Structures are given as structure tokens and as C-alpha cells.
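K.L.:
Structure incoming, see below.
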Amino acid sequence: MEHRFKKNWRWHEFNFDNVEEIQQLIADTPVYNHWSKHITERKTNFLHVNKKDETGSVLYGSLVYYQNPYNQNDYKWFHFFVSTSYFVTVGFDLSLLNRTNRETMYKEMDQCHSAQEGFFVLVGELLNNFLDGIDKFEYKLTKMRRDVQENNRTYLLDKIYDLRHELLNWNDLAIPVEELKLAAEEAFLDDITQATEYRRTCVRIERTFRLIQHYRQDIDTLLNLEEVLSSHRGNEIMKTLTVFTVIFTPAMVLGAIWGMNFKYMPELHLKYGYLYSLLIIGFSTVAVYIWLRMKGWTGDLLQKRKNIDRGKIR
């Protein structure tokens, strides 16, 4: 499909099954053989700059513009070829960009003075889609912060790592776009750097990376906090188990002694032996607890749990 614009430049939009039409379009371009081979073989990010010659500077390659963070085999890519008078896209599915309206985008392209500037209108729409996805990510991150604050549980650590992986996915999608911006400057120099839509797209790239950096810091903070809490929780558990073990050690020792089955044991015939044993066990247990409390080794285990339950910790 060919789109013509007011400033006498064109956008040729193809699917992957239109290879013959593409051949007819740019067969006279010196870099065509390299790019045509690239179309049929590459399914990953790729970028090449052909510096100015008799046909003018061109920029071509491919760009992954969708990636499922939970399935690395689920991704979308498209190929592009950009010159001054036209640009070509192969396999770009505009329907995946939920915010983009074709008519509005065509009107923006109509204001562009060259094909390379019009191409960056398309790149800008792609970045809008990234920003929408990052906004949804922000909602998940905000919810996670509340969960960590209000209802900290061990499973939250896995969820934080999932969010970190999702953010890395957005970062991996944005990095090739930034490289594309630099490659365009290399190819077209002042012809592109002074273009309005290019500059607008550059601002969107900066916005994207600033948000990613900000959220990366938030996730690192959450991870550090969760690791500290997990370590503290483990220490509290070990401390509690140790305290209970020490407190009931006298009862276990005395129970072990009086649980023996020797024929001759001096306490077997005591009339009040059972009562005495209960009193000794109770007294020794209380004595050990008081001793631990006086030493300050029990800490505030019970008090902390009570305060949390009553909502006193702020």
C-alpha cells in the first residue's frame, strides 16, 4: 500500500508476503541486495546506515516493537527502509498500537517535509504505545508498594521479581529505538535533527527512559526492603524458636528423667510425687523465663505481634 503526502514524499506499507513488490520498488538502490536478504532472514533488531552517495543517505534495519515479557517467543518485529523521498515498512501491524488513530497519524505526516521526518511520526506512535504500557506497569508497581506496606508476605518477593522482569522487557524494547534515533542523526545530520517530529520523538524517548529509570529505582528499593524484612523475619523466627526451646528445656529434662523405666527409682513411691513433679516443672519453666526476661533476651516478640494486630505500628 502506498501513502502519498503533501510534501511530495511517500510511505510504502507492505506485509511479509509482498517481497516481489518491494523488489520492484527499490531494486535500483545500491543497498537493496543487503536489505532484501535481511528482510527474509532477520527476525531481531538490526540497524544499518548507508552514508550519502549518488542515491542519497539511507537508513534501514528491523525493530522489535512488541515482546511478551512472560513468553520470549511471542514478539513482533518489522523491517524498514528510510530515504529522503520515501520510506518502506514491512510487517508493521498498526493495530497493535491501541492508542494510534490512522487518520490522525496521516494528518501529522502531511505536515512533515521529508520521509525521514514522517518515519519518526511512526516511531513516535510506537513510543506512545510503550508509554501506555509503562503507565499500566506503574499501576502494578503502586499496588505492589501497598501490598508490601500493608500485608507483607513471602510470595510478594516473587511478584516483585516478576515486575522487575517486565520493566527489563520495556527497557529492552526502548533501547533499539534510542539507537535508531542516533543512527538517523548519523545518516541525515541536520536534515533530521531540525525536524519537528524528530525532536518530538526524541523527547518521548527521553520520557520513556526517565520513567524506566525511576521505576527501576523503585523496584530496587522494594527488593532491598523485602530482603531486609525477610532477613528480619527469619531472625525473629529463629529467636522465637530459641527462646521457646530454652524456656521448656527444664520440662523436657525432668520429663526425660521421670520417663525412665528403671525398676528402682526413688520417686516412684512418693504419695505426692506427681504434684511435686508438676510444681518443679512449672517453677523451673517460670524461673527460666524470668531469667531470660531480666537479661533482655526475649526481646519484644509478643509485644510486636500485638501492636501489628492492633494497627499501632505506623
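The values are calculated or read from the model by the stated rules, or taken from the named source; none is laboratory data. Just so it is clear, the structure is predicted and the values come from calculations on it, not from any experiment. We place every Cβ from the backbone using ideal geometry, glycine too, and count neighbours over all the protein chains shown.
Results for (1) in contact (Cβ under 8 Å) with a residue 60 or more places away in the chain; (2) touching a His at 6+ places or on another chain (Cβ under 6 Å); (3) surrounded by fewer than 20 Cβ atoms within 10 Å (Cβ to Cβ), shown as yes or no for each residue.
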position: F80; (1), (2), (3): no, no, no
position: S85; (1), (2), (3): yes, no, yes
position: R102; (1), (2), (3): no, no, yes
position: D110; (1), (2), (3): yes, no, yes
position: E117; (1), (2), (3): yes, no, no
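K.L.:
Which of the residues spanning region 86-122 are polar (S, T, N, Q) and in contact with a strand residue (DSSP E or B) (Cβ under 7 Å, 6 or more places away or on another chain)?
P.N.:
T89, Q116
K.L.:
In region 265-314, which residue that is of a type in the set (S, T, Y) and at pLDDT 75 or above is nearest to G234 (Cα to Cα)?
P.N.:
My answer is Y289.
K.L.:
Here's a follow-up. Which pairs do you get when a residue that is over 13 Å from W170 (Cβ atoms), found in region 120-138, comes within reach of a residue that is not in a helix (DSSP H, G or I), reach meaning Cβ atoms under 6 angstrom, with the pair 6+ apart or on two chains?
P.N.:
E125/L97; E125/T100; N128/R99
K.L.:
Please count how many residues of region 91-145 are among the basic types (K, R) and farther than 30 Å from L223 by Cβ.
P.N.:
3
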